[in-house]
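Visitor: Got a structure for you, written out below as structure tokens; questions coming shortly.
The values are calculated or read from the model by the stated rules, or taken from the named source; none is laboratory data. What you see is a predicted model, and the numbers here were worked out from it, not measured in a lab. Virtual Cβ from ideal backbone geometry, glycine too; neighbours counted across all protein chains shown. Remember, those area values only see protein heavy atoms, side chains included, never the ligands or the DNA or RNA. Shrake-Rupley method; radii C 1.70, N 1.55, O 1.52, S 1.80 Å.
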Amino acid sequence: MFGWFKRRRRAAIRQRPFPPAWLAIIEKNVPYAAHLPVADRAELAGQVQVFLAEKRFEGCAGLPITDEIRVTIAAHACILLLHRQTDDYPDLMSILVYPSTYLVPGGRVGPGLIADEPEARLGESWTHDVVVLAWDSVLSGAADIHDGHNVVLHEFAHQLDQESGAGDGAPVLPRRSMYLAWGRVLGHDYDELVRETLHHHRELIDRYGATNPAEFFAVVTETFFEKPRQLRAKHPDLYLQLQQFYQQDPAAFEGL
Ligand SMILES: [Zn+2]
């Protein structure tokens with residue numbers, strides 16, 4: 001599709017009235033949205049409409065897809081898009097939703113991972129075109145906006161990372177000049193987390209981020225949105241990089 005046509009179509013979708021039932025779902029299941037500035041909430045509503053018009057949801061293991069599922073996931077995914085020049089997860093086609101934590105059969109291979117035993121998963125984003133989520137984890141991650149865990153933010157951060165061609169912890173940055181500082185700061189804090197994790201020290205950033213640079217970016221995205229003030233205090237350089245990438249300053253939001 002040509003860029004101008006896509007932009008025009010999306011602008012028309014954003015103009016549609018936002019269904020009150022969807023607003024009620026966001027109020028109930030996306031408590032984070034209440035802390036966004038008013039203008040951001042309006043932008044988010046428009047992004048959600050575009051997302052839902054373009055992405056396909058599939059229920060797995062008998063889960064029927066409802067507006068509650070679609071809107072809840074879309075709203076979290078679109079928080080990562082606010083203020084940014086993006087193409088709205090251009091490669092993503094489908095979101096597969098399981099009712100609860102699902103088992104991946106042993107032997108399945110992902111980047112850097114070979115599982116011998118069946119492995120419990122909350123969500124995954126291994127390829128450009130599919131995100132897989134467990135609905136119960138979506139809800140529990142969304143309910144507490146201060147615990148640093150939100151599986152939708154996590155998996156869609158992987159999507160952003162993969163837009164650069166490789167899930168390596170370096171998404172497409174808004175300016176070429178940012179890559180050097182991004183690599184230096186995230187590399188430094190990743191190495192530090194790996195060291196702290198080896199010594200079993202508790203860190204603000206969840207130790208799962210020490211798995212590899214891609215997981216580090218997904219995990220610090222969760223920390224950035226859910227523990228912004230703590231992240232800014234303990235990792236000011238990292239906070240600044242994420243602030244420049246996401247073009248948001250959640251530490252300044254009321255009540256976060
Ligand atoms: Zn991950």
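Visitor: With +1 assigned to the C-beta of every Lys and Arg and -1 to the C-beta of every Asp and Glu, and no other charges, what is the dipole magnitude of the chain about the Cα centre in debye, to the nearest 20?
Guide: On the way: 25 positive and 34 negative charges, 218 e Å.
It comes to approximately 1040 debye.
Visitor: Determine the dipole magnitude for region 169-256: charges of +1 sit on the beta-carbon of Lys and Arg, -1 on that of Asp and Glu, nothing else is charged, the reference point is the Cα centre, and the result goes in debye to the nearest 20. Write down the numbers at each step before the final one.
Guide: Details: 10 positive and 12 negative charges, 45 e Å.
Computed about the Cα centre, the dipole is about 220 debye.
Visitor: Give me, ordered by chain and number, the residues 5 or more places off LEU96 or on other chains with an amide H under 5 Å from its own placed amide H.
Guide: Those lying under 5 Å, H to H, from LEU96 are GLU58, VAL131, VAL132, LEU133.
Visitor: If you take the charge dipole of the chain about its Cα centre, with +1 on Lys and Arg Cβ and -1 on Asp and Glu Cβ, which of PRO250, GLY59, PRO236 is farthest toward its positive end?
Guide: Going by the charge dipole, the pick is PRO250.
Visitor: Keeping every protein chain present and rolling a 1.4 Å probe, give me the accessible area per residue for the chain in Å².
Guide: Working: 12450 Å² over 256 residues.
Each residue of the chain exposes 49 Å² on average to a 1.4 Å probe.
Visitor: Separate question: Per DSSP helix of 4 or more residues, -39500 (n - 2.57); summed, then divided by the residues of the chain. What does that give at 222 nm, rounded to the nearest 500? Working shown, then result.
Guide: Values: 10 runs with 126 residues, N = 256.
Only helices count here, giving -15500 deg cm²/dmol.
Visitor: What residue among LEU139, PRO31, PHE216 has its Cα farthest toward the positive end of the dipole of the chain, where the charges are +1 on Lys, Arg and -1 on Asp, Glu, each on the Cβ?
Guide: Projecting each Cα onto the dipole axis, the largest value belongs to PRO31.
Visitor: Further question: Could you give the distance between the Cα centres of region 160-206 and region 3-69, to the whole Å?
Guide: Spelled out, the Cα-based centre of one part sits 29 Å from the other.
Visitor: Probe radius 1.4 Å, ligands and nucleic acids ignored: give me the carbon and sulfur share of the accessible area of the chain as a rounded percent.
Guide: Working: 6950 of 12450 Å².
That fraction is 56 percent.
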